[in-house]
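Q: Structure incoming, see below.
The values are calculated or read from the model by the stated rules, or taken from the named source; none is laboratory data. Everything numeric in this text was worked out from a predicted model, so none of it was measured. Don't worry about glycine lacking a Cβ; one is built from the backbone with ideal geometry, like all the others, and counts go over all protein chains shown. Keep in mind that these areas ignore ligands, DNA and RNA; they rest on the heavy atoms of the full protein, side chains included. Shrake-Rupley method; radii C 1.70, N 1.55, O 1.52, S 1.80 Å.
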Amino acid sequence: MSTKLNLIMKNALLTYLLSISALVTRAQTNGSPEQVVITSEKGKIQLASQGNGQLQLNVPPKDVARYKAAGLVHYSDFGARGDGKTDDIDAIAATHAFANLHGLVVKADDKATYYIGGRERTALIRTNTDFGTAAFLIDDTDVQNRNASVFTVSSALKPFKLETVTTLKRNQQKIDAALPASCLITVTNAAVKQYIRFGLNQNNGSPQTDIFIVDKNGNVDMNAPIIWDFAQITDITALPIDETPLTITGGRFTTIANKAESKYTYYNRNIAIRRSNVVVDGLQHRIQGEGDHGAPYGGFINIGECAYVTVKNTVLTGHRTYSTIGAADKPVSMGTYDLSANRALNVSFINCSQTNDINDNTYWGILGSNFCKNMLYDHCTLSRFDAHQGVANATIRNSTLGHMGINAIGSGLLLVENSTIRGRSIVNLRSDYGSTWQGELVIRNCVFVPADGKPISAALISGSYSGQHDFGYTCYMPERITIENLRVDDSQHGDNYQGAAIFANFNPQLTDSSYQEKFPYVKTKEVILKNVTTASGKPLRLSDNPFMFRDVRVQSGQ
């Protein structure tokens, strides 16, 4: 091992040890100057807020011993009233800080209703937490800092820089690094811009980025491969992955919605998951007080910079859709989410549903994501699956998707099976990011109800691509599309209905060879159809634009 690498590893180890020793006297909230200082003096349990926002918690030795013997601590132990009126956020934050220090489970009081007002205070979760049947009322009508999470699930392990890695190749299997454990690697090349958005929310793109997992010897987990070539690297960070699962169970959360101006000032008063190996089980989230205007939300469960996260048996709520003036100086509907995932790997949503009608378009689609890999819906009933700035590998199985359907761009395998899709298409390749999927699409054992039964010109795969905009990457359609055992329920379509098409009209101007794409679209090579039936009895068509898809090989069979 080189002297330089030895020094890097020693510094990383020192940083880790210092972070552990700091917990002996202090627990600090994530991303906030506020702290919880814990002492153990004789007397009684006391919690006080200092003028600088710092919390001072004293827990006498006999009480420390009692809680450690029990292995858990309750919010009421440190003064939470749970009456639905008194602001309990200080007691909640102090309880988690104490639990983090001593490795204790946190347990909410089942009959309590914890009111959480708009003061800036984040409770840091680093131990198993059982919210049980307790209610949490989060009041967003008067908030000091809309970006301050209510809870942050974080790791005691600290990230460190990797200075030995200066370039990367797509599908590279190993990096030149020896690490203390398996790590989540985040890499950026600020000199390259990608995902240069087109349309009403147009922008100048994002710096080239990727996120992947390596073991302690630098071997890349090829289930979530490196997807870009990095000619240079301007930042690369390694975050050790927690090996022990952290579980969060129960909880009945209600957000009293903000009344802010309808513009892109996202509210993130949420549960932010910033630790790998986390399970959220049995949580419920509802929304009340939405009016005719409001600022959008960035996801009540907000998953980022982590891997191996499962959200299951959870009930969520779609937010009302508000509009504003977009970057193109025209009115635009604002995306607003109850689920969000950004820079996250191996994220699963299992047996999740929502309180409002998945086909009611007054509510925005429930999930938004960026820069993720290996995302799963299984046994979910939700209004939308969405990947904005790319997903590598996504699976929707045993699920029902509502009015916004499946929206994605990315790479790898997009698998839809044993599911019912009630959107305008089965898969919409997002046009604002180039309608690109570099890989394969498989649709198997599904039912497609176009626009929830409303008469439309139905297409299985939709998108739009003019060939005149530079998105920062070559844009692809799925190289191979396999559609097997599909039932199209188009029984309500009118006399002028010509039958469902495989492809929508991606470019109405591309009708002959005179049209020139500045940035050519790599079209699908092959479509395999097996046992595709329609309620209308009308056969599946190629497209309203047969010229554009003239070179696609379509194989049909039983």
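Condition check ((1) touching a Ser or Thr at 6+ places or on another chain (Cβ under 6 Å); (2) among the hydrophobic types (A, V, I, L, M, F, W, C)) across all residues:
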| site | (1), (2) |
| --- | --- |
| Gln202 | no, no |
| Ile211 | yes, yes |
| Asp215 | yes, no |
| Ala224 | no, yes |
| Ile227 | yes, yes |
| Thr234 | yes, no |
| Ile241 | yes, yes |
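Q: Would you mind listing the strands (runs of 3 or more DSSP E) fully within segment 301-351 where at least 1 residues are within 13 Å of Met375 (Cα to Cα) and of a type in the set (Asp, Glu)?
A: It comes to none.
Q: Can I ask one more? Would you point out the residue of segment 39-64, among those that are of a type in the set (A, V, I, L, M, F, W, C), farther than 18 Å from Leu124 by Cα and in contact with a Ser or Thr (Cβ under 9 Å, 6 or more places away or on another chain), that is least open to solvent (accessible area, probe 1.4 Å)?
A: For segment 39-64, the residue satisfying everything is Val59.
Q: Do we have Ala181 as open to solvent by less than 50 Å² (accessible area, probe 1.4 Å), part of a loop (DSSP other than H, G, I, E, B), modelled with pLDDT under 95 and over 20 Å from Val280 (Cα atoms) here?
A: No, not satisfied.
Yes/no matrix, rows are residues, columns are (1) touching a residue at least 40 places away in the same chain (Cβ under 8 Å); (2) assigned to a strand (DSSP E or B); (3) surrounded by fewer than 22 Cβ atoms within 10 Å (Cβ to Cβ):
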| residue | (1), (2), (3) |
| --- | --- |
| Phe131 | yes, yes, no |
| Ala135 | yes, yes, yes |
| Thr141 | yes, no, yes |
| Ala148 | yes, no, no |
| Thr152 | yes, yes, no |
| Val165 | yes, no, yes |
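Q: If Thr244 passes every condition in (1) within 21 Å of the chain's Cα centre (by Cα); (2) among the hydroxyl-bearing types (Ser, Thr, Tyr); (3) part of a loop (DSSP other than H, G, I, E, B) but one, which one does it miss?
A: All conditions pass for Thr244, except number (1).
Q: Take Glu517 and decide whether it is under 30 Å from Asp229 (Cβ atoms), at pLDDT 95 or above and more than 29 Å from the chain's Cα centre (by Cα).
A: yes
Q: Same structure, new question: Name the strands (runs of 3 or more DSSP E) wholly inside segment 424-500 in which the number of residues that are farther than 21 Å from Ser383 by Cβ and open to solvent by 10 Å² or more (accessible area, probe 1.4 Å) is 2 or more.
A: So the answer is 437-448, 480-488.
Q: Now, a different point. Which condition does Asp329 not pass, out of (1) open to solvent by 10 Å² or more (accessible area, probe 1.4 Å); (2) of a type in the set (Asp, Glu); (3) farther than 23 Å from Asn203 by Cα, if it passes all the others?
A: Every condition holds for Asp329 apart from (3).
Q: Sticking with this structure for a sec: Restricting to segment 259-277, count the residues that are of a type in the set (D, E, K, R) and open to solvent by 60 Å² or more (accessible area, probe 1.4 Å).
A: The number of residues fulfilling the criteria is 4.
Q: Identify the residue in segment 48-97 that is touching a Leu at 6+ places or on another chain (Cβ under 7 Å) and assigned to a loop (DSSP other than H, G, I, E, B) and, among all such residues, is farthest from Arg252 (Cα to Cα).
A: Per the stated criteria, the residue is Gly71.
Q: Now, a different point. Which of the residues spanning segment 396-411 are free of Cβ contacts under 8 Å to residues at least 40 places away in the same chain and open to solvent by less than 30 Å² (accessible area, probe 1.4 Å)?
A: Ile396, Ser399, Gly405, Ile406, Ala408, Ile409, Gly410
Q: A follow-up question, please. Is it the case that segment 502-514 has a residue that's open to solvent by 20 Å² or more (accessible area, probe 1.4 Å), free of Cβ contacts under 8 Å to residues at least 12 places away in the same chain and over 16 Å from Trp437 (Cα atoms)?
A: yes
Q: Answer yes or no as to whether Gly118 is open to solvent by 10 Å² or more (accessible area, probe 1.4 Å), touching an Asp or Glu at 6+ places or on another chain (Cβ under 8 Å) and more than 22 Å from Val278 (Cα to Cα).
A: yes
Q: Name the residues in segment 247-258 that are assigned to a strand (DSSP E or B) and either surrounded by 21 or more Cβ atoms within 10 Å (Cβ to Cβ) or among the acidic types (Asp, Glu) (or both), would you?
A: Across segment 247-258, the qualifying residues are Ile248, Gly251, Phe253, Thr255.
Q: Still on this structure: Kindly provide the set of residues from segment 438-488 that are modelled with pLDDT under 95 and either touching a helix residue (DSSP H, G or I) at 6+ places or on another chain (Cβ under 8 Å) or among the polar types (S, T, N, Q) (or both), ordered by number.
A: Within segment 438-488, Ile456, Ser457, Ala458 meet the criteria.
Q: Any idea which of Thr244, Thr237, Thr254, Thr265 is farther than 21 Å from Ile175 by Cβ and touching a strand residue (DSSP E or B) at 6+ places or on another chain (Cβ under 7 Å)?
A: Selected residue: Thr254, the only one of Thr244, Thr237, Thr254, Thr265 that is farther than 21 Å from Ile175 by Cβ and touching a strand residue (DSSP E or B) at 6+ places or on another chain (Cβ under 7 Å).
Q: Still on this structure, I have one more. Among the residues of segment 184-239, write down those that are of a type in the set (Ser, Thr, Tyr) and either in a strand (DSSP E or B) or open to solvent by less than 10 Å² (accessible area, probe 1.4 Å) (or both).
A: Within segment 184-239, Thr186, Thr188, Ser206, Thr209, Thr237 meet the criteria.
Q: Take segment 334-357 and flag every residue that is out of contact with any Gly (no Cβ under 9 Å at 6 or more places or on another chain) and open to solvent by 20 Å² or more (accessible area, probe 1.4 Å).
A: Asn346, Ser348, Ile350, Asn351, Ser353 - these are the residues of segment 334-357 that are out of contact with any Gly (no Cβ under 9 Å at 6 or more places or on another chain) and open to solvent by 20 Å² or more (accessible area, probe 1.4 Å).
Q: What pairs come out if I take residues in segment 70-92 that are of a type in the set (Phe, Trp, Tyr) and pair them with residues that are open to solvent by less than 20 Å² (accessible area, probe 1.4 Å) whose C-beta lies under 6 Å away, six or more apart or interchain?
A: What qualifies is Tyr75/Ala91; Tyr75/Ile92; Tyr75/Thr95; Tyr75/Ala108; Phe78/Ala91; Phe78/Ala94; Phe78/Thr95.
Q: State all residues of segment 278-300 that are open to solvent by less than 30 Å² (accessible area, probe 1.4 Å), of a type outside the set (Gly, Ala, Ser) and not in a strand (DSSP E or B); if no residue qualifies, say none.
A: If the condition is that a residue be open to solvent by less than 30 Å² (accessible area, probe 1.4 Å), of a type outside the set (Gly, Ala, Ser) and not in a strand (DSSP E or B), then Leu283, Pro296 are the ones that fit.
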